[in-house]
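Since the structure comes first, as structure tokens, the remarks are kept for the end.
We did not get these values from a lab; they are worked out from the coordinates using the rules stated. Treat the numbers as computed from the prediction; the structure is a model and nothing was measured. As a convention, Cβ positions derive from the backbone with ideal geometry for all residues, glycine included, and neighbour counts pool all protein chains shown.
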């Protein structure tokens, strides 16, 4: 059994999240699983790392053949600690999620789930982030697990292009119509800050908002397919360079 | 004077950082400046947002015609608070930095400085992140200020493509040779965790590491130009889709 792939599982909702338990269950048939996650939720943590505080690792032991470790770090910290301290080698695959909530369109930039997948990719490990379009802690992940198995099997068989990771989103329905590879849609969060006053008379603000699809007519985006009950796979690049702008090759006088 | 552009200045090193004072000085000739920054350093905060804690804003008053606000939020929070609560309108430009330390190559993904610029861009505001390749708190920013003026003037005159922001890095030299628009180089952080033991006998870990250029032969990357004493301008895209991988259009069986 030692030639089974080593699969690192992490997330941004913390070690107790139902979504991660379902992800572990979905990929367990494909290899040896090690789970490294945080002791709390790190939603909205993006690609953040902890540079000013020390990180702790707690070995939670093994259950049903799966090894569990809990840390006080962000999702990206969990990946770094796994590669360099916990596993002492690079895993063969990294899967992150299943996130409780969408990471489609520009939400990819805020997501700790995707941060972990991006970090895996930056270290040369084929990596995938999975998200379900439901924020419920007891969401039904049964359709999601089918999507995870299908996408993971494809990566297992065909690999992933270097410097590319996958952002997979799954509609909240009990009948996913299929899985589409597509581009990231244009969209943004329209924010509103709720203003409150604390007992000392100071105002404070809670971030709230809703997502707005800026390409409602497009029929080739993740937003379009998700609205039509398809799961989406957006291949994402580590290289952030905007190729079109680069061609302009502007001159700057110093 | 009311038709002067409104320029929001932020950073990830906190309200007292020398780099931000130099950025304010460099752009002050171009418009009305409002500074919104954090009460502490948020290095390595990437595009993180604060979803579980309330945010506070403190009006620090005006000095030399510049308005200052301090918050307890991340750089991206600072931009969101500025757009929706402090300014009550979108600024004409957002500049972030000058960061104490490089944000070239893949460091762009960890950077709070760039997170703020990306957030500005996502809200339709032409946005630029500036970084100096020195981690010294008393670094010499005099060459950096020339670079800031040149790049900002170009954006003022020609604008920026929609959904594109600029990642500007400046070599730590007293003789910058010029400014080059170029692509993001391939590279990664090679990590090492320093292990220590706390008074209760528990091990803890400090993240350390050094950056490795994975394309040492390339002569068209930010890393190449920075090593040769040029400042670099990488136009970056909000769209993370990897166009080459998308063309493969894989089929997934559900």
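I want to confirm something. Restricting to the stretch A:160-178 and keeping residues that are in a loop (DSSP other than H, G, I, E, B) and within 11 Å of chain B (Cβ to nearest Cβ), which single residue is surrounded by the fewest Cβ atoms within 10 Å (Cβ to Cβ)?
A:175
Assess whether residue B:254 counts as being surrounded by 12 or more Cβ atoms within 10 Å (Cβ to Cβ) and within 8 Å of chain A (Cβ to nearest Cβ).
yes
Would you check if there is a residue in the stretch A:98-118 being surrounded by fewer than 19 Cβ atoms within 10 Å (Cβ to Cβ) and under 20 Å from the mean Cα position of the chain (by Cα)?
There is no residue in the stretch A:98-118 that is surrounded by fewer than 19 Cβ atoms within 10 Å (Cβ to Cβ) and under 20 Å from the mean Cα position of the chain (by Cα).
May I ask you to list the residues in the stretch B:174-199 that are over 22 Å from residue B:106 (Cα atoms) and touching a residue at least 40 places away in the same chain (Cβ under 8 Å)?
Passing the criteria: B:175, B:176, B:177, B:178.
Please work out which residue is nearest to the other protein chains (Cβ to nearest Cβ), limiting yourself to the stretch A:36-46 and to residues that are part of a strand (DSSP E or B) and under 19 Å from residue A:121 (Cβ atoms).
A:36
So which of A:194, A:214 is farther than 28 Å from residue B:248 by Cβ, more than 8 Å from chain B (Cβ to nearest Cβ) and surrounded by fewer than 23 Cβ atoms within 10 Å (Cβ to Cβ)?
A:194
Can you tell me which residues in the stretch B:228-248 are more than 10 Å from every other protein chain (Cβ to nearest Cβ) and out of contact with any strand residue (DSSP E or B) (no Cβ under 8 Å at 6 or more places or on another chain)?
Matches in the stretch B:228-248: B:228, B:229.
Yes or no: residue A:244 within 22 Å of residue A:109 (Cβ to Cβ) and more than 21 Å from the chain's Cα centre (by Cα)?
Yes, satisfied.
Hey, does the stretch A:43-50 have a residue that's surrounded by 18 or more Cβ atoms within 10 Å (Cβ to Cβ) and in contact with a strand residue (DSSP E or B) (Cβ under 6 Å, 6 or more places away or on another chain)?
No: zero hits.
Suppose the filter is closer than 28 Å to residue A:112 by Cα, within 12 Å of chain A (Cβ to nearest Cβ) and crowded, with 17+ Cβ neighbours inside 10 Å; does residue B:76 pass it?
Considered against the rule, which asks whether it is closer than 28 Å to residue A:112 by Cα, within 12 Å of chain A (Cβ to nearest Cβ) and crowded, with 17+ Cβ neighbours inside 10 Å, residue B:76 comes out as yes.
Determine which single condition residue A:155 fails, assuming it passes every other condition in (1) surrounded by 16 or more Cβ atoms within 10 Å (Cβ to Cβ); (2) at the interface with another protein chain (Cβ under 8 Å from one of its Cβ atoms).
Going through the list (1) surrounded by 16 or more Cβ atoms within 10 Å (Cβ to Cβ); (2) at the interface with another protein chain (Cβ under 8 Å from one of its Cβ atoms), residue A:155 breaks only (2).
Identify all residues within the stretch A:217-227 that are within 12 Å of chain B (Cβ to nearest Cβ) and either surrounded by fewer than 22 Cβ atoms within 10 Å (Cβ to Cβ) or more than 24 Å from the chain's Cα centre (by Cα) (or both); write none if there are none.
Result: A:220, single match.
Residues that are within 14 Å of another protein chain (Cβ to nearest Cβ), over 13 Å from the mean Cα position of the chain (by Cα), free of Cβ contacts under 8 Å to residues at least 24 places away in the same chain and part of a loop (DSSP other than H, G, I, E, B): does the stretch B:12-27 have at least one?
No, the stretch B:12-27 contains no residue that is within 14 Å of another protein chain (Cβ to nearest Cβ), over 13 Å from the mean Cα position of the chain (by Cα), free of Cβ contacts under 8 Å to residues at least 24 places away in the same chain and part of a loop (DSSP other than H, G, I, E, B).
Can you report the number of residues in the stretch B:123-147 which are surrounded by fewer than 24 Cβ atoms within 10 Å (Cβ to Cβ) and not in a loop (DSSP other than H, G, I, E, B)?
Residues meeting the conditions: 4.
Conditions tested, residue by residue: (1) part of a loop (DSSP other than H, G, I, E, B); (2) more than 20 Å from residue A:5 (Cα to Cα); (3) within 20 Å of the chain's Cα centre (by Cα); (4) within 14 Å of chain B (Cβ to nearest Cβ).
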{"site": "A:34", "(1), (2), (3), (4)": "no, no, yes, no"}
{"site": "A:48", "(1), (2), (3), (4)": "yes, yes, yes, yes"}
{"site": "A:60", "(1), (2), (3), (4)": "no, yes, no, no"}
{"site": "A:68", "(1), (2), (3), (4)": "no, no, yes, no"}
{"site": "A:80", "(1), (2), (3), (4)": "no, no, yes, yes"}
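For the stretch A:197-211: of the residues being more than 9 Å from chain B (Cβ to nearest Cβ) and either surrounded by 12 or more Cβ atoms within 10 Å (Cβ to Cβ) or touching a strand residue (DSSP E or B) at 6+ places or on another chain (Cβ under 7 Å) (or both), which is farthest from residue A:172 (Cα to Cα)?
A:197
Please specify each residue of the stretch B:82-95 satisfying the condition of being within 13 Å of chain A (Cβ to nearest Cβ) and part of a loop (DSSP other than H, G, I, E, B).
Across the stretch B:82-95, the qualifying residues are B:87, B:88, B:90.
Yes or no: the stretch B:214-230 includes at least one residue that is in contact (Cβ under 8 Å) with a residue 12 or more places away in the chain, touching a helix residue (DSSP H, G or I) at 6+ places or on another chain (Cβ under 6 Å) and assigned to a strand (DSSP E or B).
So far as the stretch B:214-230 goes, no, none of its residues is in contact (Cβ under 8 Å) with a residue 12 or more places away in the chain, touching a helix residue (DSSP H, G or I) at 6+ places or on another chain (Cβ under 6 Å) and assigned to a strand (DSSP E or B).
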